[in-house]
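Taking it in order: structure first as C-alpha cells, then the write-up.
The values are calculated or read from the model by the stated rules, or taken from the named source; none is laboratory data. Treat the numbers as computed from the prediction; the structure is a model and nothing was measured. A quick note on method: Cβ atoms are made from the backbone with ideal geometry, for glycine too, and the neighbour counts reach across all protein chains shown.
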Amino acid sequence: MNVDGSVRLLKEVTMMQKSIQQDGQDLAQRVLITDDSLLPEYDGIIRRDGKLVGVRLGSLAYDFPVGQTEVSLSGTLSAGQTLECTIVMDEDHPTNPFRHLYHPDHKEGRKVTRHIQFSIDSTQTSNNPDDAAFSLTGVYTDTISGLHKIALKHSGPFKIQRISEVGKLNE
C-alpha cells in the first residue's frame, strides 16, 4: 500500500537501500524498486559473495502486459473491504499458454482475462497497521476467461503480512 492509500499488485519488487544524512549522521534508508533500470542507483541490503545485493520478491502466480510492473487495485486495504483488479494477457504475450514457438498452429494465443478479488475478513487478529504482527486474512477469488468456453473460477484463503514500512516505490 502506498502512502496515499492506493493499493497495487506487484509482479516483483527488489528491496534495496540508499544512503541519507540525518542530524549529521550517515544512515541507510530502505527502498522498494520495481524498475530494474534504477537498481544501480542503490545499495544492496544483504551480503552475498562479499558484495551487497538486494532482495527480490516476486510471484509466479500471474503475469502482466509486457513492460508493466504493477496493477492498481480498486478498494481499500482494511478489514471488511474488497480489493479487485483485472489483468489481461493479449494473444501475442510471450507467456500466453496458447502460444508455442515451435508449433505452426500456435503462433498466436487467445486473449486471457483474469478478474482477481481479495475479500478481506471483517474480523482480524490486529487492526493496528503499526503492530509488528499486523496481517490481514480473507478469501482470494480468481475468475479466468479465455482458457475454456466457460470462465474458470477458483478461490481460497489468503494472508497478507507486512514486510516493509516503505510507503512509495522507486524513490
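The strands (runs of 3 or more DSSP E) located wholly in region 3-91 that include 2 or more residues which are out of contact with any Pro (no Cβ under 7 Å at 6 or more places or on another chain) and aliphatic (A, V, I, L, M) occupy 7-10, 12-22, 25-33, 51-53, 55-58, 70-73, 82-89. Which residue pairs have Cβ atoms closer than 7 Å, lie 6 or more positions apart in sequence or on different chains, and pair a first residue in region 153-170 that is in contact (Cβ under 8 Å) with a residue 12 or more places away in the chain and of a type in the set (Gly, Ala, Ser) with a second residue that is surrounded by fewer than 11 Cβ atoms within 10 Å (Cβ to Cβ) and part of a loop (DSSP other than H, G, I, E, B)? Once the first residue is in contact (Cβ under 8 Å) with a residue 12 or more places away in the chain and of a type in the set (Gly, Ala, Ser) and sits in region 153-170, its partners that are surrounded by fewer than 11 Cβ atoms within 10 Å (Cβ to Cβ) and part of a loop (DSSP other than H, G, I, E, B) give Gly167/Val3. Take the conditions surrounded by 11 or more Cβ atoms within 10 Å (Cβ to Cβ) and touching a residue at least 40 places away in the same chain (Cβ under 8 Å) and apply them to Ala79. Does it pass? Yes, satisfied.
Among the residues of region 91-111, are any in contact (Cβ under 8 Å) with a residue 60 or more places away in the chain and among the β-branched types (Val, Ile, Thr)? So far as region 91-111 goes, no, none of its residues is in contact (Cβ under 8 Å) with a residue 60 or more places away in the chain and among the β-branched types (Val, Ile, Thr). Gln117 falls short on exactly one of the conditions (1) out of contact with any Cys (no Cβ under 9 Å at 6 or more places or on another chain); (2) of a type outside the set (Ser, Thr, Tyr); (3) assigned to a strand (DSSP E or B), and that condition is (1). Checked against (1) over 27 Å from Ser155 (Cβ atoms); (2) at pLDDT 85 or above, Tyr102 passes all but condition (2).
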